[in-house]
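The values are calculated or read from the model by the stated rules, or taken from the named source; none is laboratory data. Every value quoted in this text rests on a predicted model; they were computed, and no experiment measured them. Cβ placement follows ideal geometry from the backbone for every residue including glycine, while neighbour counts extend to all protein chains displayed. To get the accessible areas, we keep the full protein, side chains included, count just its heavy atoms, and leave off ligands, DNA and RNA. Shrake-Rupley method; radii C 1.70, N 1.55, O 1.52, S 1.80 Å.
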Amino acid sequence: MTLGSLLLGPPPADWDSTQNSRQHGTITKPIMEKIEPVGPMYLAHARRKLFNRTFSEDEQHLAQSAADAAAAAKLLEDAETADDHEIESDHKDDLRRDAKDWKTQDHYRLLGLGTARWRANHSMIKKAHRTKVLVHHPDKKSAATGSNATHDDAFFKCIQKAYEILSDPIKRRQYDSVDPIPEESYNALKDGANLSFVDAWRPVFEREARFSVVTDKRKIPEIGTMESSKEEVEAFYGFWYGFESWRSFEYLDKEEGEGAENRDDKRYIEKKNKAERAKLKKEDAARLRKLVDTAFALDPRMAAFKEQEKEAKEAKKKERLEQANKAKRNADREAALAKELEEEKESSERLKKEEEKKEKEAKKKAIRKEKKNIKTLMKDANYGYLKGKHVSPSTLEIYLSELETMLDKLSLEDLERIVAGLSVAKVNNQDKQKILIVEAQKLVREGLANAESLTQFGAEEVALLIKAANKFPGGVSDRWETIAAYVALHTGLPQRDPDDVIKKSKAVQKGSHQEAT
């Protein structure tokens, strides 16, 4: 086929390119038909609806049905292979057994099934009985005479009793409950000494599993392999430590003898049998517990799991210890760093305080020095009086006291500035006094000193000027003459000229020290 053959032919003559689609015909009328549902999906749906199951429940049912079919096939296979089982020969002790002592006889061994025992199915038991009957039936021994014939008859009765017990499910279960041969025939510690643990103990637990109340033997956990996981091994021992046995020990009940016809004797015997069964069941539980404890203690897998848990715990412990040590190291390092910073801070603060202390001491020393210089300079300047003028001791005492008061309120910079001003050689005594007067007026104006404490430096006269200016406001007749008289009256000094008072007042208002002076 070529590409050209796939090309469409030319459109029909009545074709309209403006239309997107075109109807060429009509749909036929619907017809009602009966449809029968079939197929596996419909059958599964019907099965779920019929039995009211969910999808998961239906799947579980199918899986269980398949398992039951497999088990039935296995039983059928066992029955078919029963003919292949070899019947064991008669044991010499059984040939001399008394038929009356049937409770102590080994029923499986009498039928030639001493090895198969509880594993023997009904077909095997039936075949074994038939084989033994063909050999030991009294009719087959009719030619025998004397004790031999009597003996064969007794042995045949033992065979018949064994078949009676083992062919009855209830009686066989009672006999299997007390059959000691499986426990005596194999010992894991002795017979399995050269085998691995699981191979040595597997027959033991398979033997004991026949007593479990769990009917589905597939639900009984197996011993597993040496590579089994911890969960599998723990599930195995968990099952056996919680094992529930159906063993009843009824087979060993004491039979009712002669003279036990009355009801009291029967009750007494029944009570004794019940107590004996309880005792035997308790002893069997202790036996099984001891067996499981022994296996658990010898299981190398549990030792390996414990070692792994120990290593894991040690690793976690080591990790926690390392984390704790790391945290401790970090905490110690942070504490050391914090301590170092604190020490540095304390050292810095201590050095700062020492420096501040030194600065304060140096400043105090410098202030004392400057005060001393000022006092010396003013002494040389005759305390602001004209050279050669005598200053009375009382006046000098007041002067020095007020000077000390004023100097205490001045800063170092002010003292240095005053010393610089007083040290100028061209400045006369009165100008030096004016320098101090300016500082005194500044202190009074700033509220750092009282004018009454600095009278020797004109501070009281300025203070009275301010007070008089407030007391005699503008509009008072002869205001400035009144103010001048008020100041002179309270200071005891000569009255100043009104023009000087006006000039002084303006200087005080402007805050000019030089003009005020």
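Being surrounded by 10 or more Cβ atoms within 10 Å (Cβ to Cβ), hydrophobic (A, V, I, L, M, F, W, C), in a helix (DSSP H, G or I) and within 45 Å of the chain's Cα centre (by Cα): is that true of A331 here? Talk me through it step by step, then tell me what you get.
Numbers: surrounded by 10 or more Cβ atoms within 10 Å (Cβ to Cβ): yes; hydrophobic (A, V, I, L, M, F, W, C): yes; in a helix (DSSP H, G or I): yes; within 45 Å of the chain's Cα centre (by Cα): yes.
The answer is yes for A331.
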Looking at L166 and the list (1) open to solvent by 50 Å² or more (accessible area, probe 1.4 Å); (2) not small (G, A, S); (3) not in a loop (DSSP other than H, G, I, E, B), which single condition is not satisfied?
(1)
Tell me which of these D93 doesn't satisfy, since it passes every other one: (1) within 30 Å of R218 (Cα to Cα); (2) open to solvent by 70 Å² or more (accessible area, probe 1.4 Å); (3) assigned to a helix (DSSP H, G or I); (4) at pLDDT 70 or above.
(1)
Scan the range 436-456 for residues that are in contact (Cβ under 8 Å) with a residue 24 or more places away in the chain, part of a helix (DSSP H, G or I) and open to solvent by less than 60 Å² (accessible area, probe 1.4 Å) and jot them down.
L436, I437, V438, E439, A440, Q441, K442, L443, S453, L454, T455, Q456
Taking the criterion of being in contact with a Phe, Trp or Tyr (Cβ under 8 Å, 6 or more places away or on another chain), open to solvent by 80 Å² or more (accessible area, probe 1.4 Å) and in a helix (DSSP H, G or I), would at least one residue in the range 263-285 satisfy it?
yes
Just one of E33, E86 is within 27 Å of P180 (Cα to Cα) and either surrounded by 10 or more Cβ atoms within 10 Å (Cβ to Cβ) or at pLDDT below 85 (or both); which is it?
E86
Quick one: E256 ticks every box in (1) modelled with pLDDT under 90; (2) open to solvent by 100 Å² or more (accessible area, probe 1.4 Å); (3) in a helix (DSSP H, G or I) except a single one, so which number is it?
(3)
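Could we say that D293 is among the acidic types (D, E) and under 37 Å from the mean Cα position of the chain (by Cα) here?
Details: among the acidic types (D, E): yes; under 37 Å from the mean Cα position of the chain (by Cα): yes.
Taking the combined requirement at face value, the residue satisfies it.
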Going through (1) in a loop (DSSP other than H, G, I, E, B); (2) touching a residue at least 40 places away in the same chain (Cβ under 8 Å) one by one, L415 fails only at (1)
Residue hits (the range 364-394; open to solvent by 80 Å² or more (accessible area, probe 1.4 Å) and either touching a Phe, Trp or Tyr at 6+ places or on another chain (Cβ under 7 Å) or charged (D, E, K, R) (or both)) are K364, K365, R368, K369, K372, K379, D380, K387, K389
Expected single match for surrounded by 10 or more Cβ atoms within 10 Å (Cβ to Cβ), closer than 20 Å to E416 by Cα and acidic (D, E) among E354, E361, E346, E397 is E361
Scanning the range 36-52 for residues that are free of Cβ contacts under 8 Å to residues at least 12 places away in the same chain and of a type in the set (A, V, I, L, M), which turns out most open to solvent (accessible area, probe 1.4 Å)?
M41
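Which residues, taken from the range 423-432, are surrounded by fewer than 20 Cβ atoms within 10 Å (Cβ to Cβ) and not in a loop (DSSP other than H, G, I, E, B)? Steps first, please.
So the first thing to find is which residues in the range 423-432 are surrounded by fewer than 20 Cβ atoms within 10 Å (Cβ to Cβ), and the list is 423-431.
Across the range 423-432, the qualifying residues are N429, Q430, D431.
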For the range 169-217, give me each residue that is at pLDDT below 85, in a helix (DSSP H, G or I) and open to solvent by 40 Å² or more (accessible area, probe 1.4 Å).
I181, E183, E184, S185, K217
